[in-house]
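Heads up, the thing below is written out as structure tokens.
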Number of protein chains: 2
Amino acid sequence: MSDINPPTTRTRLVREADRAVYDRAAAYAILDEGFICHVGFVSDSQPFVIPTSYGRRDDNLYIHGSAASRMLRHLAQSLPVCVTVTLLDGLVLARSIFNHSMNYRSVVVLGNAVLVDDPAEKLDALRLLSEHILPGRWNDSRQPNEKELKATSVLRLPINEFSAKVRQGPPIDDEADYAFPTWAGVIPLETIAGIPINDPRLDPPREAPEYAKNYKRG
Amino acid sequence: MSDINPPTTRTRLVREADRAVYDRAAAYAILDEGFICHVGFVSDSQPFVIPTSYGRRDDNLYIHGSAASRMLRHLAQSLPVCVTVTLLDGLVLARSIFNHSMNYRSVVVLGNAVLVDDPAEKLDALRLLSEHILPGRWNDSRQPNEKELKATSVLRLPINEFSAKVRQGPPIDDEADYAFPTWAGVIPLETIAGIPINDPRLDPPREAPEYAKNYKRG
């Protein structure tokens with residue numbers, strides 16, 4: 001790939017270096033398929049890890065939340081943050097317990113998030129977040145009003161220091177173990193969308209839109 | 001529920017307190033359904049968030065990894081850690097953008113992990129981790145040898161300080177928005193297992209075991 005991001009001492013993989021992916025295109029494909037990240041921040045020496053949604057545009061990640069939330073109040077101070085996205089693809093059953101593994105794709109982004117102050121960028125980021133999770137929904141919804149925008153904080157995290165890790169394929173056993181008499185292979189895992197459930201207060205009745213009936217990632 | 005765990009200032013939910021769950025039984029049901037956690041730790045003031053598997057027995061979480069890994073070497077020093085487990089159940093489509101949400105169940109555990117030194121507890125924890133992810137697999141596999149056990153670290157995190165958060169059900173819109181002309185409801189999400197894929201080196205051919213063919217969580 002053309003755009004290789006050299007690892008720092010903080011993002012260079014110590015182990016399983018063969019699983020490391022440092023190019024942006026591969027990392028962005030993972031970020032674009034997922035929509036839940038786990039955000040790490042430190043408060044009084046204690047790390048906290050909170051799940052939240054996100055969106056990406058170019059070389060920035062956007063997250064949002066209540067302006068009153070602990071996480072948003074904290075991150076708005078531009079303290080160090082870690083955003084991790086993990087896609088789980090399967091359980092890898094080797095012959096030996098030791099070589100059992102998982103197939104997955106993950107990205108870790110380190111940096112300092114900044115509060116988005118500009119109203120146009122803020123609204124744009126909220127649209128981006130919404131469209132990242134569910135393309136088409138923004139225009140079908142009642143748009144945010146002034147009060148709601150004030151109650152929401154948006155943070156931007158530049159994707160400068162990052163690494164990705166990918167494990168795919170069959171188990172890799174020690175050569176001597178291939179004769180061990182057990183089944184080996186992969187149980188694929190996938191997150192799928194079920195049939196949309198109408199809000200009981202939907203009145204008059206409406207059919208769920210295509211983006212809800214055919215929801216799919218990746 | 002009988003065993004309520006009073007929140008600390010660090011685990012008390014600041015917002016959406018109606019989504020808070022502080023009883024152990026509810027938190028343990030979430031921990032037992034999931035098997036991937038996101039572990040947060042701090043190194044040189046920088047938080048790191050790393051996905052890994054885990055198991056639970058009684059009031060302890062166990063995680064494991066290479067003794068050489070950055071995370072395990074770090075956590076073995078008994079520094080503060082945060083372990084977060086998130087189960088995603090659906091996208092919640094409200095009439096207003098602002099009231100869009102997700103249905104999820106999550107648990108956050110704070111504490112200090114300790115290295116498991118006792119060989120019997122360590123082996124037991126590895127079996128627990130394996131059986132937590134895939135019941136029945138341990139006995140079908142080649143057991144860990146001395147060298148593998150030495151290369152693996154196991155950590156125990158007591159589940160003392162924790163909180164859980166649960167959001168389920170239909171969207172909750174502002175009363176005035178219920179007349180807004182759009183579909184509203186929930187897109188359920190579920191992680192499902194596909195048909196097991198044989199290791200290309202499976203020789204002689206074997207049928208995948210029942211625990212692989214009928215893999216299911218929850």
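A short reminder: the numbers here are calculations on the coordinates, not readings from a lab. Just so you know, these numbers come straight off a predicted model, no measurement behind them. Here the Cβ is made from the backbone with ideal geometry for all residues, glycine too, and neighbour counts use every protein chain on show.
Values for this structure:
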read-out	value
Farthest positive-ward along region B:17-213 dipole, Cα basis, beta-carbon charges - from B:GLY185, B:PHE41, B:PRO205	B:PRO205
Candidate lysines - alpha carbon under 28 Å from B:LYS165, same-chain residues fewer than 8 apart omitted	A:LYS122, A:LYS147, A:LYS150, A:LYS213, A:LYS216, B:LYS216
Selected from A:PRO171, A:PRO205, A:PRO47 as most flexible by GNM, with chain A as the system and alpha-carbon contacts under 10 Å	A:PRO205
Length added when fully stretched, B:ASN198-B:SER78, from 0.36 nm per residue minus Cα-Cα	39.2 nm
Furthest towards positive pole of dipole, B:PRO119, A:ASN112, B:PHE162, structure part the protein assembly as shown, Cβ charges	A:ASN112
Summed residue charge, Cβ within 9 Å of A:TRP138's Cβ, Lys/Arg positive, Asp/Glu negative	0
Check: region A:106-164 dipole with +1 on Lys, Arg Cβ and -1 on Asp, Glu Cβ, in debye	180 debye
Value of D in µm² per second that Stokes-Einstein yields for region B:63-137, Kirkwood Rh from Cα pairs, at 10 °C (1.306 mPa s)	102 µm²/s
Computed P(r) (all Cα pairs; region B:19-118; 10 Å bins; percent)	13, 42, 28, 13, 3, 0
Positive minus negative residues near A:THR191 (Lys, Arg vs Asp, Glu; Cβ under 9 Å)	-1
Whole-Å semi-axes of chain B's equivalent ellipsoid (Cα gyration tensor)	35, 25, 15
Point-charge dipole on Cβ atoms (K/R +1, D/E -1) for chain A, about Cα centre, debye to 20	460 debye
Normalised contact order of chain A, rounded percent, pairs of Cα under 8 Å and 6 or more residues apart	25 percent
Pairwise centroid distance, computed over Cα atoms, of region A:168-202 with region A:68-124, Å	22 Å
Gyration tensor (Cα) of the protein assembly as shown, equivalent ellipsoid semi-axes in angstrom	36, 25, 22
Length added when fully stretched, A:ASP124-A:TYR178, from 0.36 nm per residue minus Cα-Cα	14.0 nm
FRET efficiency, A:LYS147 to A:ALA29 (Cβ-Cβ, R0 41 Å, nearest 0.05)	0.65
Net dipole in debye of the protein assembly as shown [+1 Lys, Arg Cβ; -1 Asp, Glu Cβ; about Cα centre; nearest 20]	420 debye
